[in-house]
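The values are calculated or read from the model by the stated rules, or taken from the named source; none is laboratory data. Given the structure is predicted, the values throughout are model-derived calculations rather than measurements. When we count neighbours, we look across all protein chains shown, and the Cβ atoms used for this are built from the backbone with ideal geometry, even at glycine.
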RNA sequence: GCGGGUGUAGCUCAGUCGGUUAGAGCGCCAGAUUGUGGAUCUGGAGGCCGUGGGUUCGAUCCCCAUCACUCGCCCCA
């Protein structure tokens, strides 16, 4: 193995990418705050138990995708595969449940040992929000509205669509599961091998299968909608009415299910056709039973997470770097003066840089490559008058500016 | 975890029906232009042809393995 390669499924995030990530994170954070969601972060590793309990012992993530290890004191530790479990744990261990409802925004790296593909990495980054302690359907509507506005602000809402479904409450699911399993068993021959295995483990997932045979079977399956309890149906209706009221367009997708066990009621996904097989860009739902499962007080919750790398791939333009002012000494003897001028600009809040070597032509070339907005040229002619030549790199226009007026001139021109 | 494709210069990609010094465009460096960038011209640097093994007189090319990326399944953000 080549030790100088990054670990499979991990990437260095170079400046271009980093700026895209930052735009996504910052846009999301600002809008989240506008909705009352405060940023918080939890450790990137937790006791393995935290994830096992919340994600479900049989979920794929827990059974084969976690980065789990024993640390030096023998504790079972897992690098977080998602963000909700940590926040739920924090709510319990920090006693935050006293002042509900709580609204949190988070961002950071997540880890899953999956087979890498485009849009699927072993270390990837998510932004997410959680609304804890709000049982109302308005909570579901709020988090969706926030996600929608973030996608809109990033300019990618138009390339996604919102899919919506309800997973009902536990009574609904139990009733439906029974008839679904009965139906699927009677059509067992038509099911794929994978789906046959899911029959007793996670039959709802079969609804989501892409296998042709499965789809034919599923097309004739009883509909979950017919087995919703009155309460569950009313809840879903309120969510839909809320979305309609805000003018948020969605598509009901009865096949939309969740891989993680903690979800109930509302499930939603913003999907796109521009990323190949990894079409989900932002996904979430309601998880009323989660906190209680973890040993905390019964606390309803709803939230979502979005993959930063996937969002970045949908951004249609590069995020531009800051355009600096580049200071250019004409001749080595003026370098010290140039550096003083550069530093003065920086202290005044102006992005400034100085080429480190070469003649004027070479430094100009470099300034151009750095995307300079202005060049400040310092040579014997100018310095004799305590001035500099200020060149607008876009238009090529030049003027002489006294050194002590340079900061003013540059701030007014920006 | 399963199946397919790809891997040649910093980037995008040619190429060798197995044969001696492996090419192009872009980019990079230098010069034309010792106080002016983006254009043009000239020159230059840069390749264990992903890695390991096998077949062969000879492998970048064929075979096997492996690693990485990629497409689909699975799963999911």
Open item on the list: Take residue A:8 and tell me if it is within 16 Å of RNA strand B (Cβ to nearest atom), in contact (Cβ under 8 Å) with a residue 60 or more places away in the chain and in a loop (DSSP other than H, G, I, E, B).
Closed with: yes
Task: Filtered residues of region A:380-389 (kept if over 11 Å from residue A:328 (Cβ atoms) and touching a helix residue (DSSP H, G or I) at 6+ places or on another chain (Cβ under 7 Å)) - done: A:383, A:386, A:387
Open item on the list: Tell me which strands (runs of 3 or more DSSP E) are completely within region A:264-314 and hold 3 or more residues being within 14 Å of RNA strand B (Cβ to nearest atom) and closer than 14 Å to residue A:28 by Cβ, or say none if there are none.
Closed with: A:280-286, A:301-307
Task: Odd one out for residue A:59, checked against (1) more than 30 Å from residue A:96 (Cα to Cα); (2) within 12 Å of RNA strand B (Cβ to nearest atom) - done: (1)
Open item on the list: Yes or no: region A:100-107 includes at least one residue that is outside any strand (DSSP E or B) and either touching a strand residue (DSSP E or B) at 6+ places or on another chain (Cβ under 9 Å) or away from RNA strand B (no atom under 12 Å from the Cβ) (or both).
Closed with: yes
TODO: Would you point out the residue of region A:368-379, among those that are at pLDDT 90 or above and out of contact with any helix residue (DSSP H, G or I) (no Cβ under 6 Å at 6 or more places or on another chain), that is surrounded by the fewest Cβ atoms within 10 Å (Cβ to Cβ)?
DONE: A:379
- [ ] Among residues belonging to region A:318-330 that are part of a loop (DSSP other than H, G, I, E, B) and more than 18 Å from the chain's Cα centre (by Cα), point out the one that is farthest from residue A:363 (Cα to Cα).
- [x] A:320
TODO: Only one of these is surrounded by fewer than 16 Cβ atoms within 10 Å (Cβ to Cβ) and modelled with pLDDT of 95 or more: A:57, A:30, A:49. Name it.
DONE: A:30
Task: helices (runs of 4 or more DSSP H) enclosed by region A:127-230 - at least 3 residues per element that are surrounded by fewer than 17 Cβ atoms within 10 Å (Cβ to Cβ) and modelled with pLDDT under 90 - done: A:170-186, A:193-201, A:212-219
Open item on the list: So for region A:391-402 (the condition being near RNA strand B (Cβ under 10 Å from one of its atoms), crowded, with 17+ Cβ neighbours inside 10 Å and under 18 Å from residue A:323 (Cβ atoms)), does at least one residue qualify?
Closed with: yes
Open item on the list: Going through A:277, A:283 one at a time, which residue ends up being at pLDDT below 90, on the phi < 0 side of the Ramachandran plot and either out of contact with any helix residue (DSSP H, G or I) (no Cβ under 7 Å at 6 or more places or on another chain) or buried (at least 18 other Cβ atoms within 10 Å of the Cβ) (or both)?
Closed with: A:277
Open item on the list: Looking only at region A:343-358, how many residues end up being on the phi < 0 side of the Ramachandran plot and free of Cβ contacts under 8 Å to residues at least 24 places away in the same chain?
Closed with: 5
Task: Which listed residue is surrounded by fewer than 16 Cβ atoms within 10 Å (Cβ to Cβ), within 21 Å of the chain's Cα centre (by Cα) and at pLDDT 90 or above, from A:81, A:101, A:43 - done: A:43
Task: Index of the failed condition, residue A:365 passing every other in (1) in contact with a strand residue (DSSP E or B) (Cβ under 8 Å, 6 or more places away or on another chain); (2) more than 30 Å from residue A:110 (Cα to Cα) - done: (1)
Open item on the list: Take the conditions in contact with a strand residue (DSSP E or B) (Cβ under 7 Å, 6 or more places away or on another chain) and on the phi > 0 side of the Ramachandran plot and apply them to residue A:392. Does it pass?
Closed with: no
